Every structure is written in C-alpha cells, then in structure tokens.
Amino acid sequence: MPSGDALRVWFPEMLEVLTAEWSPSTTWDELADVCSRLTELRNSLRHSRGIQAPLMSCPKCGSVSRAVLRDVSVNSALFALRKAGALPDADFRRLEHEWKKHRAAQGLDAFGKKRSAPATSASGHSAGCC
C-alpha cells in the first residue's frame, strides 16, 4: 500500500466519476446520489486494495481503534470539483452558500438525506467508541 493511502479520502477514480457526472444543471438530489455512489466506490477501492482505515485514539478514554470513514458529503464533492478545475472559485462560493440554504430549508444532513438524531452512548461518546 502506498504511503498515505490509509488517510486518502479521494481516489483518482472517484474524481473521474464526479467530473463526468457533474454539470451546472445538476440538482442537489442528483449530486447527493453521486456522493452516495462515490462513497460505495471509495469503499470498494479501499477493500480491493487492502487499505485499512487509519488507527485513531479516543481523546476521552485513550482507546485505539480503526477510524470510521464518513460518507462523501455534498460539500466535499463541491470542494473536489473546485480542486479538479471543474468548478471556478466564484461558482464554488455561490454553490456552497446555496447548498447551506437548501440543507437548512429541507432539513437535510451533509449527505443530502433527511436529518436523524446522532447515536450516542450513555457516557456521551459516539456510538462504537469505548
């Protein structure tokens, strides 16, 4: 495994899919669907290449475990499009602002899904921590 792959979130194959699927007329729902497919692709690539998640330690209890990688968010896709040159800075800033307003108005999470309450344990740690 190349150095740094455990921390890699965006693989070149993912950027190819994103830039191929993106157009200025892409709706937020369509972009959220692309993000879901990109998450599946990333998980598949990591699995097929034997790339494990990085080790992380809990700041509260010090236990060490594999990190849980979050899904690809809509905002992350916008950043990736800008970095890939498919989205000019001015359009990025406008879309980032529009996404924030759309999320709030529709009650969506960062991934374009209806919000649900986060799972926490009685100790206040995130589910699956210590």
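The values are calculated or read from the model by the stated rules, or taken from the named source; none is laboratory data. Just so it is clear, the structure is predicted and the values come from calculations on it, not from any experiment. A quick note on method: Cβ atoms are made from the backbone with ideal geometry, for glycine too, and the neighbour counts reach across all protein chains shown. Please note that ligands, DNA and RNA were not included when accessible areas were found on the heavy atoms of the full protein model with its side chains. Shrake-Rupley method; radii C 1.70, N 1.55, O 1.52, S 1.80 Å.
For the structure I just gave you, tell me whether T39 is open to solvent by less than 80 Å² (accessible area, probe 1.4 Å), modelled with pLDDT of 95 or more, closer than 28 Å to H102 by Cα and assigned to a loop (DSSP other than H, G, I, E, B).
When the stated conditions are applied, T39 does not pass them.
Sort out which residues of segment 24-36 are open to solvent by 40 Å² or more (accessible area, probe 1.4 Å) and either charged (D, E, K, R) or not in a helix (DSSP H, G or I) (or both), and write them in order of number.
Within segment 24-36, P24, S25, T27, D29, E30, D33 qualify.
So the check is Cβ under 8 Å with 6+ separation or different chains; which pairs have a first residue in segment 61-77 that's modelled with pLDDT of 90 or more and a second one that's polar (S, T, N, Q)?
Between residues of segment 61-77 that are modelled with pLDDT of 90 or more and residues that are polar (S, T, N, Q), the close pairs are S63/S57; V64/S57; D71/S36; D71/T39; V72/S36; V72/T39.
Does segment 4-16 hold any residues that are surrounded by 15 or more Cβ atoms within 10 Å (Cβ to Cβ) and without any contact (Cβ under 8 Å) to a residue 40 or more places away in the chain, and which are they?
F11 - this is the single residue of segment 4-16 that is surrounded by 15 or more Cβ atoms within 10 Å (Cβ to Cβ) and without any contact (Cβ under 8 Å) to a residue 40 or more places away in the chain.
State all residues of segment 42-83 that are among the polar types (S, T, N, Q) and in a helix (DSSP H, G or I); if no residue qualifies, say none.
N43, S44, S48, N75, S76
Which of the residues belonging to segment 69-105 are loosely packed, with under 14 Cβ neighbours inside 10 Å and touching a strand residue (DSSP E or B) at 6+ places or on another chain (Cβ under 9 Å)?
The answer is none; no residue qualifies.
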